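Enquirer: One structure coming up, written as structure tokens, with questions to follow.
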Amino acid sequence: MLSPPIALPTRRRTTRLAATLAELLLPGDLVILKGDLGAGKTFFTRALARALGVPPSIGITSPTFTLVHEIEAKIPIAHADLYRLNEPGELAELGLRDRRGEGAALVVEWGEPYLDALGGDALVLELAVAPGGSGREARVAGTGPRGKALATALADRSVIEPRP
Ligand SMILES: Nc1ncnc2c1ncn2[C@@H]1O[C@H](COP(=O)(O)OP(=O)(O)OP(=O)(O)O)[C@@H](O)[C@H]1O
Ligand SMILES: [Mg+2]
């Protein structure tokens with residue numbers, strides 16, 4: 001079940017949420033990013049990568065055509081966007097599931113339909129344009145023990161925050 005919304009009225013707040021996740025993230029974790037086109041999934045991934053030590057000189061862009069970008073960070077990140085995946089069989093070729101066992105964290109935009117094929121036990125983070133149209137809000141859920149622990153920790157740490 002998704003958490004109550006975490007308000008992200010500014011990009012800075014989104015960046016801070018990503019930094020909080022960076023503190024919690026472990027090798028092998030699966031983060032599924034949900035939300036409409038433009039909701040902020042790639043933005044969130046970029047902020048997560050920066051919080052994990054990736055310098056601004058390394059662009060963190062949408063893996064739209066190659067489907068996966070490998071990002072060298074404090075914890076290696078395999079950043080995928082499965083929006084253009086044509087058939088589930090293609091997923092195996094990307095080798096994403098194995099990357100978890102190899103110590104990478106997977107961050108997967110449009111990954112929810114492939115949750116089981118990615119090995120399950122995910123943090124699901126849903127981003128949406130906030131009611132009123134400016135800013136965003138996030139909801140989190142876990143689909144297994146590790147995902148649930150991440151979702152709970154993230155929601156708890158995001159409740160009381162100073163103004164942006
Ligand atoms: N809290 C926020 N408030 C306002 N704008 C935000 C916030 N967080 C992110 N944005 C903006 O929202 C846009 C999100 O674009 P982004 O490419 O990250 O979306 P996406 O969800 O990855 O889309 P796609 O499904 O096409 O991959 C960016 O322009 C970013 O600056
Ligand atoms: Mg994107």
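Enquirer: Looking only at strands (runs of 3 or more DSSP E) that lie completely in segment 2-87, which have at least 2 residues being touching a residue at least 40 places away in the same chain (Cβ under 8 Å)?
Expert: On the way: elements: 6-8, 30-34, 68-71, 77-81.
Fully inside segment 2-87 and qualifying: 6-8, 30-34.
Enquirer: So, one more: Out of curiosity, is residue 105 of a type outside the set (Asp, Glu), surrounded by 20 or more Cβ atoms within 10 Å (Cβ to Cβ) and more than 16 Å from ligand 1 (Cβ to nearest atom)?
Expert: yes
Enquirer: So, of the residues in segment 125-160 that are in a strand (DSSP E or B) and touching a Gly at 6+ places or on another chain (Cβ under 7 Å), which turns out to be most open to solvent (accessible area, probe 1.4 Å)?
Expert: Filtering segment 125-160 for residues that are in a strand (DSSP E or B) and touching a Gly at 6+ places or on another chain (Cβ under 7 Å), the one most open to solvent (accessible area, probe 1.4 Å) comes out as 136.
Enquirer: What is the one condition in (1) buried (at least 18 other Cβ atoms within 10 Å of the Cβ); (2) among the acidic types (Asp, Glu); (3) on the phi < 0 side of the Ramachandran plot that residue 121 does not satisfy?
Expert: (3)
Enquirer: Among the listed residues 12, 50, which satisfies the condition of being in contact with a helix residue (DSSP H, G or I) (Cβ under 9 Å, 6 or more places away or on another chain) and charged (D, E, K, R)? Write out each step before concluding.
Expert: On the way: 12 fails: in contact with a helix residue (DSSP H, G or I) (Cβ under 9 Å, 6 or more places away or on another chain).
Exactly one of 12, 50 is in contact with a helix residue (DSSP H, G or I) (Cβ under 9 Å, 6 or more places away or on another chain) and charged (D, E, K, R), namely 50.
Enquirer: Assuming residue 38 fulfils every condition listed in (1) under 13 Å from the mean Cα position of the chain (by Cα); (2) within 13 Å of ligand 2 (Cβ to nearest atom) apart from one, which condition is it?
Expert: (1)
Enquirer: Sticking with this structure for a sec: Please find, within segment 36-47, the residue that is farthest from residue 136 (Cα to Cα) out of those that are open to solvent by 30 Å² or more (accessible area, probe 1.4 Å) and more than 6 Å from ligand 1 (Cβ to nearest atom).
Expert: Here the residue is 46.
Enquirer: Go through 85, 33, 67, 52 for me and flag whichever is under 14 Å from the mean Cα position of the chain (by Cα), aliphatic (A, V, I, L, M) and more than 9 Å from ligand 1 (Cβ to nearest atom). Step through it out loud before you land on a result.
Expert: Values: 85 fails: under 14 Å from the mean Cα position of the chain (by Cα); 33 fails: more than 9 Å from ligand 1 (Cβ to nearest atom); 67 fails: under 14 Å from the mean Cα position of the chain (by Cα).
Within the list 85, 33, 67, 52, the selection yields 52.
Enquirer: Of everything in segment 90-124, what is assigned to a helix (DSSP H, G or I) and among the aromatic types (Phe, Trp, Tyr)? Give them in sequence order.
Expert: Hit for segment 90-124 is 114, nothing else.
Enquirer: With the structure loaded, tell me whether residue 88 is closer than 20 Å to residue 148 by Cα and either touching a Leu at 6+ places or on another chain (Cβ under 6 Å) or open to solvent by 10 Å² or more (accessible area, probe 1.4 Å) (or both) or whether it fails that test.
Expert: For residue 88, the condition - closer than 20 Å to residue 148 by Cα and either touching a Leu at 6+ places or on another chain (Cβ under 6 Å) or open to solvent by 10 Å² or more (accessible area, probe 1.4 Å) (or both) - is not met.
The values are calculated or read from the model by the stated rules, or taken from the named source; none is laboratory data. In this text the structure is predicted, and so the values were computed from the model without any measurement. Reconstructed Cβ throughout: ideal geometry from the backbone, glycine too, with neighbour counts over all protein chains shown. Just the protein is used for accessible areas: all its heavy atoms, side chains included, with ligands, DNA and RNA removed. Shrake-Rupley method; radii C 1.70, N 1.55, O 1.52, S 1.80 Å.
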